[in-house]
1. Take the conditions outside any helix (DSSP H, G or I) and within 12 Å of chain D (Cβ to nearest Cβ) and apply them to B:GLY171. Does it pass?
2. Looking only at strands (runs of 3 or more DSSP E) that fall completely inside the range C:150-240, which ones have 1 or more residues that are of a type in the set (A, V, I, L, M), over 29 Å from C:ILE253 (Cα atoms) and in contact with a Ser or Thr (Cβ under 6 Å, 6 or more places away or on another chain)?
3. Please go through the range B:73-103 and give me each residue that is within 13 Å of the chain's Cα centre (by Cα) and open to solvent by less than 40 Å² (accessible area, probe 1.4 Å), ordered by number.
4. Report, by residue number, each residue of the range D:204-221 that is open to solvent by 20 Å² or more (accessible area, probe 1.4 Å) and either outside any loop (DSSP other than H, G, I, E, B) or among the polar types (S, T, N, Q) (or both).
5. Can you find a residue that is in contact with a Phe, Trp or Tyr (Cβ under 9 Å, 6 or more places away or on another chain), modelled with pLDDT under 90 and within 8 Å of another protein chain (Cβ to nearest Cβ) anywhere in the range A:124-132?
6. Wholly within the range A:151-251, which helices (runs of 4 or more DSSP H) include no fewer than the required count, namely at least 2 residues that are under 26 Å from A:MET269 (Cα atoms) and open to solvent by 30 Å² or more (accessible area, probe 1.4 Å)?
7. Could you tell me whether A:ARG10 is within 14 Å of chain C (Cβ to nearest Cβ) and either free of Cβ contacts under 8 Å to residues at least 24 places away in the same chain or surrounded by 14 or more Cβ atoms within 10 Å (Cβ to Cβ) (or both)?
8. Residues being assigned to a strand (DSSP E or B) and open to solvent by 10 Å² or more (accessible area, probe 1.4 Å): count how many of those fall in the range D:244-263.
Amino acid sequence: MASSEDLKLRRKKNMEQFFRIFFGRGIIVKICLVIAVFFIIVAVFAPVIAPHDPTATDPMNRYLPMGSEDHLFGTDRYGRDVLSRLIHGARTSLTCSLFATLWSAVVGSTLGIIAGYYEGWLGKLILRYVDIQLSVPALILSMVLAVILGSNMFAISIVLGIGAIPGYIRMAYSNVISIKENDYITATRLIGQKNRKIMFRHLFPNCFASLIVIFTMSLGQVIMVESSLAYLGVGLNEPLAAWGLMVNDGFASLMTHPSVALLPGFCIMAIVVAFNVLGDALRDALDPKLRGKL
Amino acid sequence: MTSYIIKRVLASIAVIFIVSIFVFSIIHLLPGDPVVMALGLETPMEDIERVREEHHLNDPLPQQYITWIVEMFHGDFGDSLIEFRPVADIIKERLPRTLAIGIPAFVLGILLGLLIGIVSAVRRGKAIDQTLTFFTTLSIGTPQFWIGMLLLYLFSIKLHWFPMRNLVMPGESILGYLRSATLPIICSCLQMMGSISRQTRSNMLEVISQDYIRTARANGISEKTIVYKHALKNALIPVVTVIGMNLRNIIAGAVLIENIFSIPGIGVTMTNAINNRDYWVLQGCVLIVSFIAVFGNLVVDILYGYIDPRIREARG
Amino acid sequence: MQSDNKDAILEVKSLKMHFPVRKGFFNKTVGYVKAVDDVSFVVENGKTFGLVGESGCGKTTVGKTILRINTPTSGEIIYKGQHIENLSAKQMAPIRRDIQMIFQDPYSSLDPRQSLGSILKEAIVCDGKPHEREEIANTISELMVAVGLDPIMADRYPHELSGGQRQRLGIARALACNPSLIVCDEPVSALDVSIQAQVINLLRDLQEKRGLTYLFIAHDLAVVKNIADTIAVMYLGHIVELMDSSEIYEHSIHPYTQALLSAVPITDYYAEKKRNRIVLEGEVPSPINAPAGCPFQTRCKFASDKCRKAMPPLTERRDGHFVACYNV
Amino acid sequence: MEDNRNILLEVKHLKTSFFTQAGEVKAVDDVSYYIKKGEIIAVVGESGCGKSVTQMSVMQLVQSPPGKIVGGEVIFEGQNLLEYDRNSPEMRAVRGAGIAMIFQEPMTSLNPVFKIGTQLSEVIMIHKKVDKKTAWEEGIKALEAVGIPDAKSRMENYPFQMSGGMRQRVLIAIAVACGSKLIIADEPTTALDVTTQAQVMELLQSLVKTYGTSILMVTHNLGLVTRYAERVYVMYAGKVIESGTTEDILMHPVHPYTKGLLNSVPKLDASDEERLVAIKGQPPRLSELPSYCAFYPRCPYACEECKQGYPILEEVGPNEHFCACWMKNKEVAHAE
């Protein structure tokens, strides 16, 4: 078989090319990568990093301003330390959204591939379902589901996942429809390959690049929906530390203490934008032909 | 073409019909008894029973659905359990407020989106492209409620340019409307502007590399005419579908915008209806909103046929 | 129909493939694209049967229908004595791998995400029988050598290959199922002249070594003449002339074949200058509302009332030379 | 050299390179040729030999970055076009009026969302400075001149309502309408059926007789060269390796590549037992070209002497028969 150096050399060349295009979009990609990694680390080590217990109320010193010695970012309406709540909020949002995006990616793309491959009544049924779900205002649907399923972390990630499924179905479906026209799919049928194998050995790898892009972008989208639900008081509820809740909480004191509301909002924006930019860069790096398409 | 339109209209009606079943069943899954929530826990059982009977809440669900649909055809969307008045009036009163923000935001979003998309495509790779693209990614990635709060804090609290709440309808005073509606409109149109400019930019880049653009150049047509005549028309056609999709986001976004700027529109009504389990209000509003979304897609789909001659011929 | 000799591997009898055209509100069928309209021919074992014609004449549809990628509207396909025109997917399974296909576009015939080795491995393993790793690796190298590729490239991916090399791998994949019949759908049209010659010679060598039978479909008359033993010229879903390939340049008589031959310039400078040129007027009529009678009547200078009424049958003029025309 | 009174276009030592991550790719490396008024010449070669990039450089239509013209002159009617900036009015005046171009893919060469009439009259208005109505009438006349039946209604059609052959005629009509002196046809009939190809080629040939237009045909189809071209330039890996009259090139080829090409073309008139003599090896990768004859790896006559550097074009026969090959003096063409 091929000499291993030749293989290693080619693999190294591919990796170099991947990173060159990935960072090709300039400094923004590097910044966003730093932001994303930063938030992930914060989320993972939240209990260790946070200076105080995020839910410990301290009625004595409520609304401490930014920069007071013990509470760097001050305290909120109940005297809880804003910084620790932000840190734990990262953990809540990221775990919830990551889980939601993961399971909806698997379910959504599988349904999309099946709909695309078997185009018959099954395909139409799945697509009709997508149209129906997308006709109902997304946020209202999520709110109703959140109330039905309860507002613990697990239930919320189910609700968020349901919201993200249509995106995956449509992306996988449109990809499969165009890939199916290729001769190598006909050839694989002619050599006697089973349909199931064709779907997951040929169709899935070929739409994997665009699914990865949708994955990163919907991760950002899901975090936004999660914080919106929390803001509307329907998602995760007190006293859990969640960015959306903090924004809702801080709104009452916007006039006097804007930082309590604006800081968590800024974190949400930072991480959502970071994932979107990384999604774009990933798409170019994975499949140059897709550049500028999605 | 006409047979295509009829087929599309019937398909839309079918979708709305299925959506109504979907909405009705989901809402009735909400835990808690609406009447108890409405009248309060202490109310005696008979009153609760009487109100439940009045509103046919004890009938089997399919029957309730049918009565709701039948009454709806007579214009009666049922009554609100909280406000004791027909849902139709509530919608008539509050929908205009949502649209007073939604429609201008929709139009502004399209215009700005197209402009930014075209400019950043034509100036590809240059500084303006990078800034505009980053600005677009920002506008897509930023949660609307946070932007609203930021705008409120900056322009209302600090600079006092705009009032914090109580929207003035255009009917009453144009100036009042403009002052009170500016922030919510900006906030609501950002998302749409972002997605349209992204789509326009990627279409323009793709179209500019097509063969017929090279032929136009080979025939001595000026670069400006090529971009703004030949390329633009081809690039705008697929954008129409994105506009269709975004119509629904505008209305969904209203939920957040109205919450921040405390505008008593459909969005706020829906959120309150969920918390109070006010079935009929919720069903009525969601259905109206879905109707607007489906109708919007229908219009876009038909429009698509007229813009693109290839599709018009295929459907002819 | 050619003489029904015993060693015919494939017999096609009055094959029809009509695709319905649906329009209007209830999608009712308003007409048919008669892609293949009553085509019959016989392919002898170990020989190459050439199907030549311009785009839209139905030659690719014939190939696809024989492979049962679509089910024929009517007519019979007899492969090795067995009727396969309306077998279900399950019934086709045992002979599925016995008929393989080579494609035109080298860029869409190989899965970009699969290495060359794994493409061949899949073809080898898909016969359902157990294979050890050892045996698979040897077969892969053997197949690559047989088509003129260096086995060292088994770990390479399709995007690292030139058009000619990809076409060779397509052939290797077909051979992996050791088929008896290979349908070659314009296998060399997308290649450069020098690479085209390499692939044509490869196909001829493989035929001699492995006794393969080819159904060779192409629009380039010179290429088909070089590789095929018998040639059928198709026009708008019909075979208009069928004869031995070595005689086609001098002895073909159908007006369309004549026009086709005259439109193909030859590289012998002096002979080319002496040739008279027939330039056909107008365009190929659309297959949806194809004219009744002979399809070529709209562009043929001999067209008479007879031609407009009924389609001239394919009659044998000399041994093995069939023509469908009243006036010639 | 020939008196250049009737030389319409002369390209001298043209060099165009693409600057990619893999380094500088010399797509066109020191190419020279000329075309006289009312003459049909052919530039022949396989894909990747630079024949199309050469024509795009003449028209300054090479996409830059990554492409860039790095040297040489393009003298059209006495004026060096490379002196003009690519988007300058002078350059645009030449494009479409002085030199018209026809491309390979008729399916995508016309704008799908504009009527044929609009696209036709638009170019006429630019070059002939007439109003829309006159331009529309000129358009109809041009469509009739290229043999499109009931031209008036065809002006209202969209490109997707026309066949491939019809669309190529529309592109030719633009050249006719603007009175182009030279038509560069870049593989005009490769995507067409052989009978449609004959119609389009006969039309192009008729333009030479009726309007005295010169035709520069870029193709890989040697048959077309035999039938229509008067002179031929054979290109390989970005260089012209042999040039001369069609008769010399086809019947007395000197360069091993030209011979190899002619032997690997299936002959309609040959008895089919004859095996094709294919050129071995793979086409050259322009990014990995050696500093000597690029055909060395595939050449049956290759020897050490060939590695001394790039072979230069020398005259090997009467009426300007040039060839770039170190081994050519060993077997003079006519001795064969």
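1. Working: outside any helix (DSSP H, G or I): yes; within 12 Å of chain D (Cβ to nearest Cβ): no.
Spelling it out, it is not the case that B:GLY171 is outside any helix (DSSP H, G or I) and within 12 Å of chain D (Cβ to nearest Cβ).
2. Working: elements: C:181-185, C:213-218, C:230-235.
The strands (runs of 3 or more DSSP E) meeting that bar are C:181-185.
3. Those that are within 13 Å of the chain's Cα centre (by Cα) and open to solvent by less than 40 Å² (accessible area, probe 1.4 Å): B:LEU95, B:THR98, B:ALA100, B:ILE101, B:GLY102.
4. Narrowing the range D:204-221 to residues open to solvent by 20 Å² or more (accessible area, probe 1.4 Å): D:205-206, D:208-212, D:220-221.
Within the range D:204-221, D:GLN205, D:SER206, D:VAL208, D:LYS209, D:THR210, D:TYR211, D:ASN221 qualify.
5. Yes, that holds for at least one residue.
6. Values: elements: A:153-180, A:183-190, A:195-198, A:204-231, A:243-251.
Those helices (runs of 4 or more DSSP H) span A:153-180, A:204-231, A:243-251.
7. Values: within 14 Å of chain C (Cβ to nearest Cβ): yes; either free of Cβ contacts under 8 Å to residues at least 24 places away in the same chain or surrounded by 14 or more Cβ atoms within 10 Å (Cβ to Cβ) (or both): yes.
Against the criterion (within 14 Å of chain C (Cβ to nearest Cβ) and either free of Cβ contacts under 8 Å to residues at least 24 places away in the same chain or surrounded by 14 or more Cβ atoms within 10 Å (Cβ to Cβ) (or both)), A:ARG10 qualifies.
8. Narrowing the range D:244-263 to residues assigned to a strand (DSSP E or B): D:244-245.
Add one more test, that the residue is open to solvent by 10 Å² or more (accessible area, probe 1.4 Å), and what stays is D:245.
Summing the residues that are assigned to a strand (DSSP E or B) and open to solvent by 10 Å² or more (accessible area, probe 1.4 Å) in the range D:244-263 gives 1.
The values are calculated or read from the model by the stated rules, or taken from the named source; none is laboratory data. These numbers come from a predicted model, not from an experiment. Every residue, glycine as well, gets a Cβ built from its backbone with ideal geometry; the counts of neighbours run over all protein chains shown. Ligands, DNA and RNA are excluded from the accessible area calculation, which covers all protein heavy atoms including side chains. Shrake-Rupley method; radii C 1.70, N 1.55, O 1.52, S 1.80 Å.
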